[in-house]
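Engineer: One structure follows; several queries about it will come next.
The values are calculated or read from the model by the stated rules, or taken from the named source; none is laboratory data. The shown structure was predicted, so the numbers you read here are calculated from the model rather than taken from an experiment. All Cβ positions, even for glycine, are placed from backbone atoms using ideal geometry, and neighbour counts span all protein chains on display. All accessible areas refer to the heavy atoms of the entire protein, side chains included, with ligands and DNA or RNA removed. Shrake-Rupley method; radii C 1.70, N 1.55, O 1.52, S 1.80 Å.
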Amino acid sequence: MKPVRSLELCLCLAGAIANFLLALFVFVIVALIGTPQVTGSGVGIIAVEPNSVFANVGLENGDIIIEVNGEKFETVQEVLEAYYRSKSEVVLSVQKRETGDLLDIVVPPSDQGTQLALTSFVQIQQVVSGSPADKAGMKPGDLVFAFDATPIDSVDEFRIKTKENTGREITLSIQRESQNFKITLTPRENPPEGQGAMGVVISSNIVQHDSNVGLTFLAVGRIEYVPLPLNQALRYSGDRVSSVIVNTVRIPGQLISGAISPQEARPVSVLGMSQIGAVFLQESIEQKRVTPILEFIATISVALGFFNLLPIPALDGGRIVFVLVEIVRGKPITAEREGLVHLIGLALLLSLSVLIFINDLIHPVIDQIR
């Protein structure tokens with residue numbers, strides 16, 4: 001009986017193994033095509049003053065400069081220095097905010113001399129409702145250029161000064177839409193979990209403004225898709241499959257601890273999966289790359305394989321539990337009892353599936369990922 005049960009066990013595992021193998025294969029293909037890697041710096045445009053030289057040539061907020069005269073660069077300063085040094089027109093390769101298209105923008109030579117005139121800022125990305133920053137009137141997009149009248153040189157310096165001044169009133173110098181003003185607030189000594197002393201989320205990079213050309217910008221990672229050799233592609237594939245499984249296993253603990261909300265961890269039906277798949281398909285079309293949709297297919301394949309192995313009646317995992325019990329006991333469980341358990345499990349699964357489908361219909365999951 002045991003050899004027969006062992007064979008049945010292997011057959012029950014076959015479906016999930018096929019899902020994992022498919023995912024491994026697809027992730028290898030993704031890696032061979034190219035994975036996103038930070039290969040240098042780009043210039044993310046925060047603001048362009050009207051009628052400035054860069055505004056006049058069509059540079060807009062949200063655009064990203066990725067090349068100067070056909071050459072990549074490692075630091076933001078290299079872009080402006082190349083512009084200042086040039087005695088002729090400068091060609092900027094720019095990724096447009098609206099479409100993601102790459103355009104060459106020709107900038108006339110500088111008449112501002114050769115010296116950078118930089119001011120540093122910390123950019124506020126989010127403000128928590130009810131926090132000291134919110135009560136003081138701070139808003140997302142604000143640029144902080146001084147902390148108690150001391151100019152800010154780095155994001156780390158801003159964080160250190162905030163930590164050193166908890167419980168004490170401070171003054172921040174703010175720029176908002178080209179207007180400068182000051183606000184006062186008191187960083188909290190014991191902020192709520194998940195919030196900082198001020199109650200703000202700041203950009204990870206320092207924002208800078210060059211008053212000579214009226215340009216406010218920050219360094220952003222320049223992303224390029226780099227194909228991996230086969231040995232690294234195999235390692236990448238294994239890591240991605242492991243990552244999906246580990247993150248799935250962690251979800252219950254993250255829900256209990258509050259690290260993620262129930263909405264973020266909501267299960268999705270076939271309808272929800274099709275909605276998410278449509279987003280990745282659109283992303284593939286916009287990027288003109290097949291990798292986003294392939295990543296989605298591989299991730300879903302891993303999730304299906306893992307779900308099918310759960311010890312739930314009506315799934316392969318449920319049948320595996322019965323086979324293991326029979327191997328240990330040395331005798332089979334009656335077909336009537338096993339059939340009843342699987343019937344109840346199937347009814348519960350179908351009922352849950354209908355509820356999830358209705359939820360996806362009323363509250364489309366696509367609204368959450370936009």
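Engineer: Could you tell me what percent of the accessible area of the chain is made up of carbon and sulfur, with a 1.4 Å probe and every protein chain present?
Structural biologist: Numbers: 12400 of 20900 Å².
The nonpolar share, carbon plus sulfur, comes to 59 percent.
Engineer: Here's something else I'd like to know. How far apart, in nm, are the 7 Å Cα→Cβ label points at Asn69 and Ser242?
Structural biologist: 4.7 nm
Engineer: Select from the range 138-181 those trypsin sites (Lys or Arg not before Pro) which occupy a DSSP coil region and have at most 13 other Cβ atoms within 10 Å, ordered by residue number.
Structural biologist: Values: sites: Arg159, Lys161, Lys163, Arg168, Arg176; in loops: Arg168.
Sites meeting the loop and neighbour criteria: Arg168.
Engineer: Which of Val270, Val107, Val48 moves the most in a Gaussian network model of the chain with Cα springs under 10 Å?
Structural biologist: Checking each option, the largest mean-square fluctuation is seen for Val270.
Engineer: Oh, and also: Enumerate the amide H contacts of Glu67 below 5 Å, restricted to partners 5 or more residues apart or on another chain; note that Pro and chain-start residues carry no placed amide H.
Structural biologist: For Glu67, whose amide H was placed from the backbone, the distant partners under 5 Å are Ser93.
Engineer: List the lysines whose Cα lies under 29 Å from the Cα of Lys135, skipping any in the same chain that are fewer than 8 positions away.
Structural biologist: Lys161, Lys163, Lys182
Engineer: Collect residues whose amide H, placed 1.01 Å from N in the peptide plane, falls under 5 Å from the amide H of Ile312; neighbours closer than 5 in sequence don't count.
Structural biologist: Gly317, Gly318
Engineer: Report the net charge of residues surrounding Ser120, where surrounding means a beta-carbon distance below 13 angstrom and charges are Lys +1, Arg +1, Asp -1, Glu -1. Can you show the working numbers first?
Structural biologist: Working: positive: none; negative: Asp153, Asp156, Glu157, Asp210.
Spelling it out: positives minus negatives among the neighbours equals -4.
Engineer: Determine the gain in length on full extension of the stretch Ala14-Gln282; use 0.36 nm per residue of separation and subtract their C-alpha separation, reporting nm with one decimal. Could you put the intermediate results ahead of the total?
Structural biologist: Working: separation 268, 0.36 × 268 = 96.48 nm, distance 3.28 nm.
Contour length minus Cα-Cα distance gives 93.2 nm.
Engineer: I've got another one for you. In whole Hz and in residue order, list the ³J(HN,Hα) couplings for the range 295-312 that follow from phi through the Karplus curve 6.51 cos²θ - 1.76 cosθ + 1.60, θ = phi - 60°; x for Gly and Pro.
Structural biologist: My calculation for the range 295-312 gives 4, 5, 4, 5, 5, 5, 5, 5, 4, 5, x, 5, 4, 5, 8, 5, x, 10 Hz in order.
Engineer: Take every Cα-Cα pair in the range 124-211 and report what % of them are more than 22 Å apart.
Structural biologist: Details: 607 of 3828 pairs.
Tail of the P(r) past 22 Å holds 16 percent of the pairs.
Engineer: Once the whole set of protein chains is in place, how much accessible area is left on Met198, using a 1.4 Å probe, in Å² to the nearest 10?
Structural biologist: For Met198, solvent-accessible area is about 10 Å².
Engineer: Which values, in whole Å and largest first, are the semi-axes of the equivalent ellipsoid of the chain obtained as the square root of 5 times each eigenvalue of the Cα gyration tensor? Before the final figure, lay out the partial values.
Structural biologist: Values: eigenvalues 556, 157, 62 Å².
For the chain, the semi-axes come out at 53, 28, 18 Å.
Engineer: Filter the GluC sites (Glu not before Pro) in the range 159-233 down to the DSSP loop ones having no more than 16 other Cβ atoms within 10 Å, then list what survives. Spell out each step's value before the answer.
Structural biologist: On the way: sites: Glu164, Glu169, Glu177, Glu189, Glu193, Glu224; in loops: Glu169, Glu177, Glu189, Glu193.
Passing sites in the range 159-233 are Glu169, Glu177, Glu189, Glu193.
Engineer: To continue, here is another question. If we sort 334-346, 238-250 on the protection proxy, mean other Cβ atoms within 10 Å, highest first, what's the order?
Structural biologist: Numbers: 334-346: 12.5, 238-250: 14.3.
Per-residue Cβ counts within 10 Å, averaged per peptide and sorted highest first, yield 238-250, 334-346.
Engineer: Say we join alpha carbon atoms closer than 10 Å with springs in a Gaussian network model of the chain; which of Pro187, Pro252, Pro132 then has the biggest fluctuation?
Structural biologist: Judging by the Gaussian network model, the answer is Pro252.
Engineer: Mind listing the long-range amide H neighbours of Thr171? Cut-off is under 5 Å, sequence gap 5 or more, other chains count too, H placed in the peptide plane at 1.01 Å from N.
Structural biologist: Those qualifying (amide H under 5 Å, at least 5 residues apart or on another chain) are Asp148.
Engineer: While we're looking at this one, here's another question. Set the Förster radius R0 to 41 Å, insert the Cβ-Cβ distance between Glu169 and Glu78 as r into 1/(1 + (r/R0)^6), and round the FRET efficiency to 0.05.
Structural biologist: Working: r = 40 Å, r/R0 = 0.98.
Given R0 = 41 Å and the Cβ-Cβ separation, E is 0.55.
Engineer: Give me the distance in nm between label points sitting 7 Å out from Cα along the Cα-to-Cβ direction at Ile251 and Arg85, one decimal.
Structural biologist: 5.3 nm
Engineer: Another question, then. Write down the accessible area per residue of the chain in Å², having rolled a 1.4 Å probe over the full set of protein chains. Working shown, then result.
Structural biologist: Numbers: 20900 Å² over 370 residues.
Computed with neighbouring chains in place, this is 56 Å² per residue.
Engineer: Here's something else I'd like to know. Restricting attention to the range 41-134, which trypsin sites (Lys or Arg not before Pro) occupy a DSSP loop and are surrounded by at most 16 other Cβ atoms within 10 Å?
Structural biologist: On the way: sites: Lys72, Arg85, Lys87, Lys96, Arg97; in loops: Lys72, Lys87, Lys96, Arg97.
Answer in residue order: Lys72, Lys87, Lys96, Arg97.
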